[in-house]
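Novice: I have a structure I would like to understand better, so I am pasting it below and will then ask my questions one at a time.
Only the coordinates and a few stated rules stand behind these numbers; no lab work does. Every value quoted in this text rests on a predicted model; they were computed, and no experiment measured them. Heads up, the Cβs are rebuilt from the backbone with ideal geometry, glycines too, and the neighbour counts pull from every protein chain shown.
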Amino acid sequence: MAQLHCYVPEEIAQQAQRRAAQAGLSLSRYLAGLVKRDVANSTGWPEGYFEIFGKWEGAPLERPPQGEFEERLTLK
């Protein structure tokens, strides 16, 4: 397993330590979880995502008329 080093302001370090303690985790495990979650969320589109576009085989889709805008009270 790789070991990473980083520098953050003291206030951020204290907040991270508090959150790790609240979660019942060591600071290292807590930060590793944050990094894993961030990397997993930014890996891009799911496999095959773009192949589903252009697959509609039914009647053409049309948006019905939406009518008039409703009148609302003005906020002060």
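Novice: Nearest 10 degrees is fine. How inclined is helix 27-41 to the longest principal axis of the chain, computing both from alpha carbons?
Specialist: 20 degrees
Novice: Could I ask something else about it? Compare the peptides 8-17, 64-73 by average per-residue count of other Cβ atoms within 10 angstrom and give them in order, highest first. It would help to have the intermediate numbers written out before the result.
Specialist: Working: 8-17: 10.7, 64-73: 5.5.
Highest mean packing first, the order is 8-17, 64-73.
Novice: So, one more: Normalised radius of gyration for the chain, please: alpha carbon Rg relative to 2.2 N^0.38 Å, two decimal places.
Specialist: On the way: Rg = 24.4 Å, N = 76, 2.2 N^0.38 = 11.4 Å.
In units of the globular-protein estimate, the chain measures up at 2.14.
Novice: Which residue, chosen from Gly54, Ala23, Gly33, occupies the Cα position most advanced towards the positive end of the dipole of the chain, where the dipole is computed from +1 (Lys, Arg) and -1 (Asp, Glu) charges on Cβ about the Cα centre?
Specialist: Of the listed residues, the answer is Ala23.
Novice: Compute the long axis of helix 10-23 from its Cα atoms, compare it with the longest principal axis of the Cα atoms of the chain, and write down the angle in degrees, 0 to 90, nearest 10.
Specialist: 80 degrees
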